[in-house]
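Engineer: One structure coming up, written as structure tokens, with questions to follow.
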Amino acid sequence: MMALAGNLILASVMVIFTVIVHFLGLLVLLRLLGSHGRMVDHWHTVARQCALLIMAVLGIVFLHTIEIWSYALLFMALGAVEGLEPALYFSTVSFSSLGYGDIVLSERWRLLGAIEAPNGLILFGWSTAFLLSLMGKLRALEHDWLER
């Protein structure tokens, strides 16, 4: 029973941590996109939109990388996975909900590993919504530009 409570507490802390990282990261990304958007105002609209979208995608990849590494480092610190490469591999496969199952955590930590999957799924969904919103705004800019 104590192991279950420890897993749930640790998993909850990781979910809270990754959600905060994601939220703050998206805020920073919005600021960067806004400032870079003003810096490239003289660019052709299509080139500007492409540059902003590429920046957004790379920023989101960076955020997910931080979140995956956080889980991997936790698994290594707990001794749940031996070595950096296997920990990163397991974390990436779990975070993306791919779940190959070729690396399996012991019973002591498997609940923590299982909770990483819905955490990653929610954060990927949030990233997708962010990109769709950005693309919608860029279309609005394009539309304004076409009507001038």
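Engineer: Applying 1/(1 + (r/R0)^6) with R0 = 22 Å to the Cβ-Cβ distance of GLU85 and ALA117, what FRET efficiency is obtained, to the nearest 0.05?
Structural biologist: On the way: r = 20 Å, r/R0 = 0.91.
Once the sixth-power term is evaluated, E becomes 0.65.
Engineer: Run the dipole for segment 58-122 about the Cα centre, Lys and Arg Cβ at +1, Asp and Glu Cβ at -1, nothing else charged, and hand back the magnitude in debye, nearest 20. Intermediate values should be presented prior to the final figure.
Structural biologist: Working: 2 positive and 6 negative charges, 25 e Å.
In total the dipole reaches around 120 debye.
Engineer: Just tell me the longest site-free run in the chain, where the sites are GluC sites (Glu not before Pro) in a DSSP loop having at most 16 other beta-carbon atoms within 10 Å. Show your work: numbers first, answer last.
Structural biologist: On the way: sites that count: GLU82, GLU107.
The longest uninterrupted stretch comes out as 1-81.
Engineer: Here's another thing I want to ask about it. Pop the C-beta distance of MET2 and ALA51 into the FRET formula with R0 = 41 Å and round what comes out to the nearest 0.05. Provide the component values of the computation, followed by the final result.
Structural biologist: Numbers: r = 52 Å, r/R0 = 1.28.
Working from the Cβ atoms, E equals 0.20.
Engineer: Once every Cα of the chain carries one equal point scatterer and solvent is ignored, give the base-10 log of I(q)/I(0) from the Debye formula at q = 0.09 Å⁻¹, two decimals.
Structural biologist: Values, matching the q order: -0.37.
Engineer: Now for a different question. With only Lys, Arg, Asp and Glu charged, each at its Cβ (+1 for the first two, -1 for the last two), find how big the charge dipole of the chain is about the Cα centre; round to the nearest 20 debye.
Structural biologist: Details: 8 positive and 10 negative charges, 83 e Å.
Charge dipole, the chain, about its Cα centre: 400 debye, nearest 20.
Engineer: What is the fewest-to-most order of TYR100, TYR71 by other Cβ atoms lying within 10 Å of their Cβ? Intermediate values should be presented prior to the final figure.
Structural biologist: Values: TYR100 10, TYR71 26.
Ordered by Cβ neighbours within 10 Å, fewest first: TYR100, TYR71.
Engineer: Another question, then. Would you work out the relative contact order for segment 1-104, in percent, from Cα pairs under 8 angstrom that are 6 or more residues apart?
Structural biologist: On the way: 43 pairs, mean separation 20.6, N = 104.
This gives 20 percent for segment 1-104.
Engineer: Once every DSSP H run of n ≥ 4 in the chain is given -39500 (n - 2.57) and the sum is divided by its residues, what mean residue ellipticity at 222 nm do you get, rounded to the nearest 500 deg cm²/dmol?
Structural biologist: Details: 4 runs with 122 residues, N = 148.
My calculation for the chain gives -30000 deg cm²/dmol from helical runs alone.
Engineer: Sequence-distant or interchain residues sharing an amide H contact under 5 Å with GLY99, placed H: which?
Structural biologist: SER94
Engineer: Give, as a single signed number, the net charge of other residues whose beta carbon lies under 13 Å from the beta carbon of SER96, with Lys and Arg counted +1 and Asp and Glu -1. Can you show the working numbers first?
Structural biologist: Working: positive: none; negative: GLU67, GLU116.
Cβ neighbours under 13 Å give a net charge of -2.
Engineer: Which whole DSSP H helices in the chain pass both tests: a Cα extent of 20 Å or more along the axis and a mean Kyte-Doolittle value no lower than 1.0?
Structural biologist: Values: long enough: 2-39 (55 Å, 1.75); 45-78 (50 Å, 1.72); 110-147 (56 Å, 0.55).
Taking the DSSP H segments of the chain (at least 20 Å long, mean hydropathy at least 1.0), we get 2-39, 45-78.
Engineer: Working out 0.36 nm times the residue gap between ALA77 and VAL104, then minus their Cα-Cα distance, what length gain in nm do you get to one decimal?
Structural biologist: Details: separation 27, 0.36 × 27 = 9.72 nm, distance 1.62 nm.
Here the answer is 8.1 nm.
Engineer: Now for a separate question. Run the simple label-point estimate for SER97 and PHE62 please: 7 Å along Cα→C-beta, distance reported in nm.
Structural biologist: Using points 7 Å along Cα→Cβ, the separation is 2.7 nm.
Engineer: Place +1 on the Cβ of every Lys and Arg and -1 on the Cβ of every Asp and Glu in the chain, take the dipole about the Cα centre, and give the residue among LEU131, GLY79, VAL19 whose Cα lies farthest towards its positive end.
Structural biologist: LEU131
None of the figures in this text is laboratory data; all of them are computed from the coordinates on show. In this text the structure is predicted, and so the values were computed from the model without any measurement. Glycine also receives a Cβ, built like all others from the backbone with ideal geometry; neighbour counts cover every protein chain displayed.
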